[in-house]
Amino acid sequence: MSRILFEKAGNGIWISHLDLMRVFQRAFRRAGLPLKHTQGFNPHAFVSIVLPLPVGTASRCELLDFELDPPETDLAALPDRLNRALPEGIHCLAAYDGGRKIRELCLLHTGITLEYDAGVPGGAPERIAALLNGSSVVVEKKSKNGPVETDIRPMIRSLAVSQPDGNTVVLDAVVCAQNPTLNPMLLPAAVALYLSADTPSFSSCRRLEVLDDSGQIFR
Amino acid sequence: MTSLIERILPNVQKPARYVGGEYNQIVKNKADVAVRVAFCFPDTYEIGMSNLGMRILYGVMNRIPDVWCERVFAPWGDMEEEMRAHHLPLWALESHDSVKEFDLIAFTIGYEMSYSNILNMLALSGIPLHASERTGLENIVFAGGACTYNPEPLADFFDFFSLGEGEDSTVEILDVYRRAKAEGWDKPSFLREAAKVPGVYVPSFYEHRYGPDGKLCEIVPLDGAPATVTKRIVQDFDSSFYPARDIVPSTEIVHDRTNLEIFRGCIRGCRFCQAGFCYRPVRPRSVDTLVRQAEEALEDSGNHEITLSSLSTSDYKQLGPLTDRLLDYCAPRKINLSLPSLRADNFSRELMMKVQTVRKSGLTFAPEAGTQRLRDAINKNVTEEEILTTCATAFEGGWSSVKLYFMLGLPTETDEDVLGIADLVYKILKVWRERATSRKRGCRISVATAFFVPKPFTPFQWEAQIPPEEYTRRQQLLREAMYSKSVEYKWHEPHLSRLEAVLARGDRRLGAVIEQAVGNGAKLDAWDEYFDYSAWLRAFEACGIDPDFYARREFAKDDVLPWQTISVGVSRGFLWREHEQAFRSAVTPDCRTQCMGCGANELYTEGECDE
């Protein structure tokens with residue numbers, strides 16, 4: 001098993017997980033890198049993406065596991081070869097053999113941008129920090145059996161709030177990645193729910209790093 | 001600050017279809033571009049990106065250094081709501097610029113029930129709907145595609161139509177436009193000059209006069225416009241443009257595979273089939289060219305499926321050598337080769353078995369009619385014996401499901417013909433019981449019936465459509481006759497096909513109806529989620545037009561036909577002879593057996609029909 005590190009940006013963030021799997025399968029073919037396939041009547045390729053991103057979220061730390069047949073020896077040249085075959089916004093940064101076990105990936109470092117078209121309300125960063133660092137933050141979370149009330153506070157490991165300009169507030173957060181998973185977009189949802197006057201005009205999220213339980217970079 | 005489009009995208013389904021950025025999309029530097037074309041497909045991205053014609057012309061236009069052609073598709077309903085709520089005009093995928101900023105706005109129209117989308121897309125772009133309201137040289141709106149062989153219902157909205165195959169004529173049209181823009185011509189001067197390009201039809205150069213009985217009685221060319229405009233064909237199809245470096249969508253589309261066009265035209269002459277007459281004469285590509293194009297396209301796209309595209313795959317003379325060579329390439333690479341529209345003959349049976357080495361695809365037939373008499377009347381030269389023998393071979397080879405397509409309401413159809421469909425289905429079931437080698441999952445036969453729509457430039461162009469109630473009666477008759485659990489019967493609802501019949505043989509007076517229907521909310525009519533029959537019925541009523549005047553009307557031999565200014569190369573006399581043959585249930589041999597003198601060979605000045 002080999003692994004690549006790739007980023008998802010620009011128009012690429014709108015490609016869904018399933019579509020991205022197909023994009024990669026085609027890109028491997030185009031790059032002349034045949035993927036190993038399962039045996040059987042409907043063979044499928046050995047590719048999988050670790051912790052699929054929600055549609056619309058950017059990332060600079062996506063991981064894809066794959067197996068080539070025959071195995072490729074020059075993995076260092078692989079990112080360039082793949083990048084020539086990938087669409088805009090999907091960019092391979094590194095390729096390597098092996099990698100850590102997926103279950104050791106525990107935390108996500110994310111940046112959430114809150115945009116205020118009419119300017120950031122005075123004191124908003126402080127109120128948001130107080131809310132999300134408080135003792136509990138109960139929001140509605142989608143589940144298989146419909147929405148359920150969940151306290152997301154235990155899933156927020158750390159949070160810093162800053163205001164880089166008059167129209168923007170940035171949340172720099174480390175949240176749980178697996179068991180349970182916290183969708184970082186629930187943080188701006190909580191702001192809208194509890195601090196309606198501080199509801200942003202638009203919010204977006206970018207995955208900055210994947211980490212293990214001790215906060216070390218996961219690869 | 002995030003752009004408006006990007007703020008909307010999280011709220012809509014399948015946002016990837018609105019942003020472009022796919023592998024092989026073409027982006028040019030605006031400073032180097034003299035003419036910008038917004039190439040619009042009047043349906044969603046998934047449908048439009050599956051259209052080979054659009055992919056060819058995208059390549060043809062962008063091959064010209066100072067022309068930039070971009071793609072535009074109809075938004076799904078959720079996106080349209082967001083666009084209207086935020087006053088966001090329709091944009092092109094490559095530059096995200098609004099369609100209103102483009103010089104030329106081109107549509108490819110393959111289906112009558114996309115007309116509402118055309119008007120809706122113009123409206124969403126903020127472009128005046130009527131050609132007469134667009135007075136400048138910017139936003140010239142034109143169209144090509146199968147529906148433009150009778151463009152009259154759309155005549156109010158389009159500045160001109162480009163008839164037939166666009167590989168050459170589109171380039172010539174762009175040359176005229178480039179001159180017009182550089183030299184600052186006015187719009188009438190541009191249209192006069194564009195009309196000199198063979199295949200270009202300018203509807204405003206013709207006056208349509210109606211008699212007291214409401215029928216079209218005269219078409220008057222104005223200012224020396226030609227009495228007939230003849231469609232264009234590509235003379236050298238073997239070397240004509242093939243999109244080997246084609247856009248690879250990043251999201252799933254309907255036909256997500258490489259399309260290899262093996263020949264144009266059809267030798268068969270099924271009397272209901274518009275494509276069979278409109279795409280004549282028959283011009284093949286050579287095996288060498290096709291194998292080279294297949295390898296280039298597969299290598300560049302990374303597709304894992306390739307399909308042969310034509311009106312009748314089995315009629316490609318070199319099909320054996322072609323599939324052998326394609327399989328040599330595809331099989332070791334696990335690329336699936338699919339062969340649609342095979343005939344039920346011996347040769348095709350062998351081929352079917354051979355292709356199966358990669359992946360077993362379904363078995364599909366389109367007998368179109370249930371009895372030999374009616375199949376003879378429509379000149380669908382497939383026999384019951386051929387179908388049953390092919391099924392037997394397939395069942396012996398392990399297949400267990402068959403799809404069958406039929407039409408109801410064909411001219412001369414009786415209840416006996418309708419019940420003949422059920423007979424055929426039961427005979428296939430009997431063959432399965434006798435010959436199947438794999439019985440575990442039982443036999444599955446899916447039967448689908450469509451409602452016959454008479455189309456221009458076919459021998460049935462003079463024929464009326466039966467009333468929807470009569471179609472429904474025949475459909476129920478058939479349903480009651482097929483009670484086996486192995487048979488799944490699906491039928492088209494008649495309302496859409498009725499409107500299709502109205503628009504297919506309609507005249508200019510329908511422009512007001514289309515506009516009114518769109519005003520009533522008609523859009524995405526081809527989608528069950530959106531089709532609203534009442535929006536159309538109310539539009540007919542508001543305009544004082546009876547849809548039956550069009551759908552139910554039988555034209556007399558010498559009636560003025562709204563589309564008679566246009567020629568597809570097949571003569572009206574030939575079509576009328578075929579019409580008479582139909583009512584005698586007499587078959588006409590295919591072009592290879594005997595040339596029947598349809599006239600299309602006269603278009604082909606640089607070659608000979610592939611007889």
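Any residue that is within 14 Å of chain B (Cβ to nearest Cβ), modelled with pLDDT of 95 or more and at positive phi - is there at least one of those in segment A:119-129?
Yes, because at least one residue in segment A:119-129 is within 14 Å of chain B (Cβ to nearest Cβ), modelled with pLDDT of 95 or more and at positive phi.
Residues B:98, B:162, B:189: which one is more than 30 Å from residue B:550 (Cα to Cα), of a type in the set (S, T, N, Q), at pLDDT 95 or above and in contact with a Phe, Trp or Tyr (Cβ under 7 Å, 6 or more places away or on another chain)? Give the steps one after another, and end with the answer.
Working: B:162 fails: more than 30 Å from residue B:550 (Cα to Cα); B:189 fails: in contact with a Phe, Trp or Tyr (Cβ under 7 Å, 6 or more places away or on another chain).
Result of the check over B:98, B:162, B:189: B:98.
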May I ask you to verify whether residue B:75 is touching a Ser or Thr at 6+ places or on another chain (Cβ under 7 Å), assigned by TED's automatic domain parsing to the domain that holds residue B:182, buried (at least 21 other Cβ atoms within 10 Å of the Cβ) and within 27 Å of residue B:499 (Cβ to Cβ)? no
Those residues of segment A:1-18 that are surrounded by fewer than 18 Cβ atoms within 10 Å (Cβ to Cβ) and either within 11 Å of chain B (Cβ to nearest Cβ) or closer than 16 Å to residue B:257 by Cα (or both) come to a total of 3
Looking at segment B:33-52, which of its residues are surrounded by fewer than 18 Cβ atoms within 10 Å (Cβ to Cβ) and farther than 15 Å from residue B:254 by Cα? B:33, B:34
Does segment B:351-369 contain any residue that is closer than 30 Å to residue B:580 by Cβ, outside the structural domain of residue B:260 (by TED's automatic domain parsing), surrounded by 17 or more Cβ atoms within 10 Å (Cβ to Cβ) and among the charged types (D, E, K, R)? yes
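How about segment B:556-576: which of its residues are in contact (Cβ under 8 Å) with a residue 60 or more places away in the chain and over 16 Å from residue B:230 (Cα atoms)?
From segment B:556-576, those in contact (Cβ under 8 Å) with a residue 60 or more places away in the chain are B:556-557, B:559-570, B:575-576; that's our starting set.
Hits for segment B:556-576 are B:556, B:557, B:559, B:560, B:575, B:576.
Got a sec? Which helices (runs of 4 or more DSSP H) wholly within segment B:280-372 have at least 2 residues that are farther than 27 Å from residue B:254 by Cβ, away from chain A (no Cβ under 13 Å) and in contact with an Asp or Glu (Cβ under 8 Å, 6 or more places away or on another chain)? Walk me through it before giving the result.
Numbers: elements: B:287-301, B:319-330, B:346-355.
Where helices (runs of 4 or more DSSP H) fall fully within segment B:280-372, none carries at least 2 residues being farther than 27 Å from residue B:254 by Cβ, away from chain A (no Cβ under 13 Å) and in contact with an Asp or Glu (Cβ under 8 Å, 6 or more places away or on another chain).
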Checking the conditions here, which among B:598, B:609 is surrounded by 20 or more Cβ atoms within 10 Å (Cβ to Cβ), in a loop (DSSP other than H, G, I, E, B) and either acidic (Asp, Glu) or in the same structural domain as residue B:265 (by TED's automatic domain parsing) (or both)? B:598
(1) closer than 25 Å to residue A:61 by Cβ; (2) at pLDDT below 95: which one isn't true of residue A:171, the others all being true? (2)
Looking at (1) within 25 Å of residue B:423 (Cβ to Cβ); (2) touching a helix residue (DSSP H, G or I) at 6+ places or on another chain (Cβ under 8 Å); (3) hydrophobic (A, V, I, L, M, F, W, C), find the lone condition where residue B:287 falls short. (1)
May I ask you to list the residues in segment A:112-135 that are of a type in the set (Gly, Ala, Ser) and surrounded by fewer than 19 Cβ atoms within 10 Å (Cβ to Cβ)? A:118, A:119, A:122, A:123, A:129, A:130, A:134, A:135
Among (1) at pLDDT below 95; (2) in a loop (DSSP other than H, G, I, E, B) - the single one residue B:460 does not satisfy: (1)
Meets criteria (facing chain A (nearest Cβ under 10 Å), in contact with a strand residue (DSSP E or B) (Cβ under 7 Å, 6 or more places away or on another chain) and over 25 Å from residue B:138 (Cα atoms)) for residue B:51: no
Could you please tell me which pairs satisfy a Cβ distance under 6 Å, a separation of 6+ or placement on different chains, a first residue in segment B:13-26 that is facing another protein chain (nearest Cβ under 8 Å), and a second residue that is part of a helix (DSSP H, G or I)? B:15/A:14; B:15/B:9; B:16/A:14; B:19/A:11; B:19/A:14; B:21/A:11
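Got at least one residue in segment B:224-244 being within 14 Å of chain A (Cβ to nearest Cβ) and surrounded by 14 or more Cβ atoms within 10 Å (Cβ to Cβ)? Working first, answer last.
Here is the first cut: in segment B:224-244, the ones within 14 Å of chain A (Cβ to nearest Cβ) are B:244.
Then keep just the ones that are surrounded by 14 or more Cβ atoms within 10 Å (Cβ to Cβ); that gives B:244.
Yes, that holds for at least one residue.
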Segment B:522-539, residues that are farther than 16 Å from residue B:111 by Cα and surrounded by 21 or more Cβ atoms within 10 Å (Cβ to Cβ): B:536, B:539
Extreme residue, nearest to residue B:84 (Cα to Cα), among residues of segment B:103-127 that are assigned to a loop (DSSP other than H, G, I, E, B) and out of contact with any Ser or Thr (no Cβ under 9 Å at 6 or more places or on another chain): B:127
Note: among B:403, B:427, just one is in a helix (DSSP H, G or I), surrounded by fewer than 17 Cβ atoms within 10 Å (Cβ to Cβ) and without any contact (Cβ under 8 Å) to a residue 60 or more places away in the chain, namely B:427
Residues of segment A:19-40 satisfying the condition of being more than 8 Å from every other protein chain (Cβ to nearest Cβ) and free of Cβ contacts under 8 Å to residues at least 40 places away in the same chain: A:21, A:35, A:36, A:38, A:39, A:40
Out of B:220, B:248, report the one residue that is touching a helix residue (DSSP H, G or I) at 6+ places or on another chain (Cβ under 7 Å) and either closer than 27 Å to residue B:603 by Cα or hydrophobic (A, V, I, L, M, F, W, C) (or both). B:248
Every residue in segment B:126-149 that is loosely packed, with under 15 Cβ neighbours inside 10 Å and within 26 Å of residue B:231 (Cβ to Cβ), please. B:130, B:132
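Could you say whether any residue in segment B:133-147 is within 24 Å of residue B:502 (Cα to Cα) and either basic (Lys, Arg) or more than 19 Å from the chain's Cα centre (by Cα) (or both)? Show your work before the answer.
First pass over segment B:133-147, keeping only residues within 24 Å of residue B:502 (Cα to Cα): B:141-147.
Then keep just the ones that are either basic (Lys, Arg) or more than 19 Å from the chain's Cα centre (by Cα) (or both); that gives B:141.
Checked segment B:133-147: at least one residue is within 24 Å of residue B:502 (Cα to Cα) and either basic (Lys, Arg) or more than 19 Å from the chain's Cα centre (by Cα) (or both).
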Which residue out of B:552, B:577, B:505 is under 20 Å from the mean Cα position of the chain (by Cα) and of a type in the set (Lys, Arg)? B:505
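Is it true that some residue in segment A:66-81 is farther than 24 Å from residue B:2 by Cα, acidic (Asp, Glu), out of contact with any strand residue (DSSP E or B) (no Cβ under 9 Å at 6 or more places or on another chain) and away from chain B (no Cβ under 14 Å)?
As a first pass, look at segment A:66-81 and keep what is farther than 24 Å from residue B:2 by Cα: A:66-81.
Okay, now just the ones that are also acidic (Asp, Glu), so A:67, A:69, A:72, A:74, A:80.
Narrowing the set further to residues that are out of contact with any strand residue (DSSP E or B) (no Cβ under 9 Å at 6 or more places or on another chain) leaves A:74.
From what is left, the residues that are away from chain B (no Cβ under 14 Å) are A:74.
Yes, because at least one residue in segment A:66-81 is farther than 24 Å from residue B:2 by Cα, acidic (Asp, Glu), out of contact with any strand residue (DSSP E or B) (no Cβ under 9 Å at 6 or more places or on another chain) and away from chain B (no Cβ under 14 Å).
The values are calculated or read from the model by the stated rules, or taken from the named source; none is laboratory data. Note that the structure is predicted; figures quoted are calculated from it, not measured. Glycine gets a Cβ as well: all are built from the backbone with ideal geometry, and neighbour counts include every protein chain shown.
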